[in-house]
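This report concerns only the one structure given below.
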Amino acid sequence: MKTPRLTGMRAFTTIWLGQMVSLLGSAMTWFAFTIWVWQKTGQASSLAIVSTLAFLPSILFMPIAGTFVDKWQHKTTLILSDFGSAAATLIVLLLYRTDNLALWHIYSLSLFAGFFTAFQYPAYIAATTVLVPREDYARTQGMIGLAQASSSIFAPMIAAALLPAIGMSGIMTIDLLTFLIAFSTLLWIKFPPRADLETAPTTQAGFTREVSFGFRYIFSNPNLRALTILFIAANFFIAIGATLLAPTILSHTANDERSLATILSIGAIGGLIGGGLLSVWGGPKQRVNGILLGGVGACLIGISLFGLAGSVLVWAIASFFFSFFEPFVEGSNTAIWQSTVDANLQGRVFSARQLLTQIPYLIGMAGSGWLAELGMAKLTGTQNGIHLSMTLLLAGIAGAIIFILGYFTPAIRRTDNNAVNQEAT
């Protein structure tokens, strides 16, 4: 007798558990890469390049990926995207085990893995939309944030403890095993049938129109357009904070891996608590408050405080609050979009949103190292990590100002009303 496959919220929870395990393995590998690249170069700009190259294809290809996500089965897309990421890890593992791994290999394979990530994000969000009821959208985003925070808590601690014993190859082997768990959970899930799938356009003009659909949808909606512009402006400064965190700690602590792991893990505990609170509570009734207040908190108490800090304790506090507010910002934002945009359009629309809002994040990520090393260092005449701290302080203040200005923008304040009207129809 066949075992019935899971559906609904139980199905999402199963996928979520598999992805949480996979995220743990990937975060452990990323921590190992961070240490390896810093030991090889000792430059914040090198770490920024790795992050940028991993991020670049996932953003540039996302509108094309979103077009296919709206036309392919969600399960197939999620499995293929996970498989691509696992293949990238396997290639790095083989190069490392044969003593052939070089910095440019990390750069190249970051690009490769990023391409598959472009398909994973819109497929994951669209799959969530069709699996769970509308009232659980914010809750599922809280669970997603909870999974990300959990991996961030345990991955640095586990990786830092295991690196001396099993090395980077052992960490990557664990990562590959976690991918297998994610595959198995996806195979167990029954997704709602998509009988209304359209045939992909065969002409170049038709395909181009499909790819551009998401951008036209966003700019035709004043509320979504204003919300997108808010994140375009803020993400540049948030990226600086996220990218310079690790090199700031390493430069001030004489490359102390355990201090870095401790601060990252405490920060992730903040994300875990924030995501858990959001998943239980469901977020503020006016979801725009979750975006704006959460953004101000992440920038001021997180990024700016991190720049002011000079001890592991204060860095840990700043890291905690930076991650604590993130689920409220992202969860509230995504819930508004899920409630506003029809499920069959979300692949294209969400991909377009990601491209528009993440390009400034990409620029901030790519330029953060040079901004600190070539700009702030020369301007202040300081080195030894002080130039990194000053860059973080100013980035946090600028990001907070942008979120505060959101309260003075009527189209942003009305986004909740727009979403409610969409749900009613």
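List of remarks:
- Residue ID - modelled with the highest pLDDT, chosen from residues in the stretch 1-14 that are in contact with a Phe, Trp or Tyr (Cβ under 8 Å, 6 or more places away or on another chain) and crowded, with 17+ Cβ neighbours inside 10 Å: Thr14
- Residue identified as part of a helix (DSSP H, G or I) and at pLDDT 80 or above among Ile171, Ile144: Ile171
- Any hit, the stretch 288-305, residues being at pLDDT below 90, of a type outside the set (Val, Ile, Thr) and either within 21 Å of Leu394 (Cβ to Cβ) or in a helix (DSSP H, G or I) (or both): no
- Residue check for Pro122: modelled with pLDDT under 75 and either more than 17 Å from the chain's Cα centre (by Cα) or of a type in the set (D, E, K, R) (or both): no
Condition check ((1) on the phi < 0 side of the Ramachandran plot; (2) surrounded by fewer than 16 Cβ atoms within 10 Å (Cβ to Cβ); (3) at pLDDT below 85) across all residues:
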site	(1), (2), (3)
Thr129	yes, no, yes
Ala138	yes, no, yes
Ser151	yes, no, yes
Thr185	yes, no, yes
Pro193	yes, yes, yes
Gln204	yes, yes, yes
Thr208	yes, yes, yes
Ile218	yes, no, no
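- Only residues that are modelled with pLDDT under 90 and more than 14 Å from Leu293 (Cα to Cα) were counted across the stretch 393-425, and they come to 12.
- Filtered residue count, the stretch 209-232, keeping only those that are more than 20 Å from the chain's Cα centre (by Cα) and more than 17 Å from Thr340 (Cα to Cα): 4
- Cβ-Cβ under 9 Å pairs, at least 6 apart or on other chains, the stretch 73-91 side under 13 Å from Pro122 (Cα atoms) and in a helix (DSSP H, G or I), far side modelled with pLDDT under 85 and β-branched (Val, Ile, Thr): His74/Val130; Lys75/Ile189; Thr77/Val69; Leu78/Ile15; Ser81/Thr117
- Of all residues in the stretch 299-347 being surrounded by fewer than 24 Cβ atoms within 10 Å (Cβ to Cβ) and charged (D, E, K, R), the one that is farthest from Leu405 (Cα to Cα): Asp342
The values are calculated or read from the model by the stated rules, or taken from the named source; none is laboratory data. Here the structure is a predicted model, which means the values were calculated and not measured. A quick note on method: Cβ atoms are made from the backbone with ideal geometry, for glycine too, and the neighbour counts reach across all protein chains shown.
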